[in-house]
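Okay, so here's the structure we're looking at.
The values are calculated or read from the model by the stated rules, or taken from the named source; none is laboratory data. This is a predicted model, so every value here is computed, not measured. Reconstructed Cβ throughout: ideal geometry from the backbone, glycine too, with neighbour counts over all protein chains shown. Surface areas here come from the heavy atoms of the whole protein model, side chains and all, with no ligands, DNA or RNA. Shrake-Rupley method; radii C 1.70, N 1.55, O 1.52, S 1.80 Å.
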Amino acid sequence: AQSVSQHNHHVILSEAASLELGCNYSYGGTVNLFWYVQYPGQHLQLLLKYFSGDPLVKGIKGFEAEFIKSKFSFNLRKPSVQWSDTAEYFCAVTRGGTASKLTFGTGTRLQVTL
Amino acid sequence: DAGVTQSPTHLIKTRGQHVTLRCSPISGHKSVSWYQQVLGQGPQFIFQYYEKEERGRGNFPDRFSARQFPNYSSELNVNALLLGDSALYLCASSEARVEAFFGQGTRLTVV
């Protein structure tokens, strides 16, 4: 069975700082990778996804992620965070060909200070 | 466009009781999945239904069951509730190979 590890549980950054959240997965076959965000009091929303092709994926709100197959990683990055990026971020994986049966990491709580 | 809708939004039940949670997917989506999110954890996959058939089941006891109706809406049932069943229950709908869209969830508290 696949699993997802998010090593940063709580990250505090000042506005304009750069962000990188780590995500590693364990599964040897074809995977689809996702980053979801959960703003306070809101539902999970998709930031970006990787199915195939260019391993550098650009998502909404200036976020991007790079799929490094040899490292089983899919780290999320943003060059300059804003206060409104304060939220919980979840990395998730599915086996190739589906967006269902997501396996999530435990999440990273990002707090951006002014 | 209506997103994924779940009802009720909040629920308080007593240990040993039964609960039914409901989900309406986005129009046109035939796949519905259920997840349990315990405080401080990521969502855990419970069930997936596609075209009214169970297509996947997570590591949950038989007290958990679900079904999907001809209009693709879905119910999650939990029998003999335990304190540990307290969680946010999320429903997601999707089309194949496209993102899963999540509802706001049902916050279940078992006392």
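If only residues of segment A:6-43 that are within 14 Å of A:Thr94 (Cα to Cα) and polar (S, T, N, Q) are counted, the one that is most open to solvent (accessible area, probe 1.4 Å) is A:Thr30. Look at segment B:86-108 and say how many of its residues are open to solvent by 10 Å² or more (accessible area, probe 1.4 Å) and more than 14 Å from every other protein chain (Cβ to nearest Cβ). The number of residues fulfilling the criteria is 1.
Considering segment A:44-63, and only residues there that are over 21 Å from B:Gly3 (Cα atoms) and in contact with a strand residue (DSSP E or B) (Cβ under 8 Å, 6 or more places away or on another chain), the residue that is most open to solvent (accessible area, probe 1.4 Å) turns out to be A:Lys58.
Of all residues in segment B:68-80, those satisfying the criterion of being farther than 17 Å from B:Val110 by Cα and surrounded by 14 or more Cβ atoms within 10 Å (Cβ to Cβ) are B:Gln68, B:Tyr72, B:Ser73, B:Ser74, B:Glu75. Restricting segment B:14-31 to residues that are modelled with pLDDT of 95 or more and open to solvent by less than 10 Å² (accessible area, probe 1.4 Å) leaves a set whose member that is farthest from A:Tyr36 (Cα to Cα) is B:Val19. Restricting attention to segment A:67-98, the residues that are of a type in the set (D, E, K, R) and surrounded by 16 or more Cβ atoms within 10 Å (Cβ to Cβ) add up to 3. Is there a residue being closer than 19 Å to B:Gln17 by Cβ, touching a Phe, Trp or Tyr at 6+ places or on another chain (Cβ under 9 Å), hydroxyl-bearing (Ser, Thr, Tyr) and at pLDDT 95 or above anywhere in segment B:75-86? Checked segment B:75-86: no residue is closer than 19 Å to B:Gln17 by Cβ, touching a Phe, Trp or Tyr at 6+ places or on another chain (Cβ under 9 Å), hydroxyl-bearing (Ser, Thr, Tyr) and at pLDDT 95 or above.
Would you kindly identify the strands (runs of 3 or more DSSP E) lying entirely within segment A:1-111 that contain at least 2 residues that are within 10 Å of another protein chain (Cβ to nearest Cβ)?
Numbers: elements: A:3-5, A:10-14, A:19-21, A:24-26, A:31-38, A:45-50, A:56-58, A:64-68, A:73-78, A:87-95.
Answer list for segment A:1-111: A:31-38, A:45-50, A:87-95.
Select from segment B:46-67 the residues that are within 11 Å of chain A (Cβ to nearest Cβ), aromatic (Phe, Trp, Tyr) and either open to solvent by 30 Å² or more (accessible area, probe 1.4 Å) or in contact (Cβ under 8 Å) with a residue 40 or more places away in the chain (or both) and list them in ascending order. Write out each step before concluding.
First pass over segment B:46-67, keeping only residues within 11 Å of chain A (Cβ to nearest Cβ): B:46-50, B:55-59.
Next, from what is left, pick out any that are aromatic (Phe, Trp, Tyr): B:47, B:49-50.
The answer is B:Tyr50, and nothing else.
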